[in-house]
Amino acid sequence: MNLGIDIGNGYTKFNEGKFASKVKVGEIIHFGKIKKEIHQLEFKGTRYIVGEGASFIGDNRYFEEYYKLCLLTAIALSTKEDFIDVNLVIGLPQKKHKLFSEKIKKYILELGQQQIKVDDKLCTIRINNCLIFIEGAYPIKSQEESNVLVIDNGAGTINVTQWEELGITTSATYIEGMNKMYAEITSYLNANKEGADFKPSEIEKIINKRSVIIDNKETDITDIRSIVQNHIMEIASFIKNDFKVKNASEIYLIGGGGADTLTYWQKQFPVIKLVENCQAINQNIYELVANSEFDE
């Protein structure tokens, strides 16, 4: 089968859903309702929980054990089959593609055949082919040959590409992703709201709320919106300096942080459009490429 899988800093996306790109050693406690995006994994005699635990970030993430576990889990969850012959397409930011694509392809192909148990389903996975594509390639899907700007607002980084005639003319990666903003908001709330004890992983759910319960009291948190606004404003200033924004006929916003921050981006780029299913768009494109590349 052909699969496109997007292992982002925030979430791993595949054709049947997503889970947080986090892994820890342990077992799910079967008490009460278990979250849909948490999975029990057994690999080489060790039990893991996928969807909770530590994130893995940085340039070495592609070669770490947790990256491999997220990849194998996503493959296992993509089908009801238990023996899976797979041709893969995964992605990298354009800048990192030049540096790491061949190394990552070699690493993944060398995984060969692996056996893994996911949510009580024992799977044998055999990776036959692998293609490393680029993130943010929305014009490939929309087939727009005009000059367009794509802003991929992700968890770890914000990747921006300018396209013309279905080719990239300019690209940049900024480290000011959603995780950095979540950390800043966490520090602010814990320092300024009595009884607050937030973790960065909790901010995603409250970023657009007007109030939350803190120390058993409903507490106004609209003051965090200035942090979001300043964060987006800073990135927008980088983009305006590094790209020919005025030449773009369209500006598209994709990525996991896109929907939550749309109104702030609109203040910087009034013509910006949020792409439908923006969090999964990279995965959708990878799957299109996989079907095109491996079905020939």
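The values are calculated or read from the model by the stated rules, or taken from the named source; none is laboratory data. Bear in mind the structure is a predicted one, so any value in this text is a computation, not a measurement. Every residue, glycine among them, receives a Cβ derived from its backbone with ideal geometry; neighbour counts consider all protein chains shown. Areas reflect the complete protein model, heavy atoms only, side chains present, ligands, DNA and RNA absent. Shrake-Rupley method; radii C 1.70, N 1.55, O 1.52, S 1.80 Å.
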If contacts are Cα pairs under 8 angstrom and at least 6 residues apart, what is the relative contact order of the chain in percent?
-> 19
Measuring from its Cα centre, segment 41-128 shows a charge dipole (+1 at each Lys and Arg Cβ, -1 at each Asp and Glu Cβ) which, in debye to the nearest 20, is 380
Compute log10 of I(q)/I(0) for segment 233-296 with the Debye formula, placing one identical point scatterer on every Cα and leaving out solvent, at q = 0.16 Å⁻¹, to two decimals.
-> -0.63
Given a 1.4 Å probe, how much area per residue of the chain is accessible, in Å²?
-> 49
What Kirkwood hydrodynamic radius, in Å, does segment 151-296 give when the mean of 1/r is taken over all pairs of distinct Cα atoms and then inverted?
-> 16.8
Carbon and sulfur atoms account, in whole percent of the 1.4 Å probe accessible area of segment 18-59, for 56
In whole angstrom, largest first, the equivalent ellipsoid semi-axes that the Cα gyration tensor gives for segment 16-69 are 21, 13, 9
Of LYS36/LYS193; LYS217/LYS240; LYS103/LYS141; LYS18/LYS246; LYS18/LYS209, which sit over 30 Å apart, Cα to Cα?
-> LYS36/LYS193; LYS217/LYS240; LYS18/LYS246
Taking 0.36 nm per intervening residue step and subtracting the Cα-Cα distance, what contour gain separates ASN230 from ASN190 on full extension?
-> 12.5 nm
The Rg/Rh figure for segment 67-214, Cα atoms and Kirkwood Rh, to two decimals is 1.08
Using DSSP to define loop residues, name the trypsin sites (Lys or Arg not before Pro) in segment 64-157 whose beta-carbon has at most 15 other beta-carbon atoms within 10 Å.
-> LYS80
Given a Förster distance of 51 Å, the FRET efficiency implied by the Cβ-Cβ spacing of LYS36 and ASN247, rounded to the nearest 0.05, works out to 0.75
Reviewing [x] 20.3; [y] 19.2; [z] 20.9, the figure for Kirkwood radius over Cα pairs in Å actually calculated from this model sits under [x]
Percentage, to the nearest whole number, of Cα pairs in segment 44-131 over 22 Å apart = 28
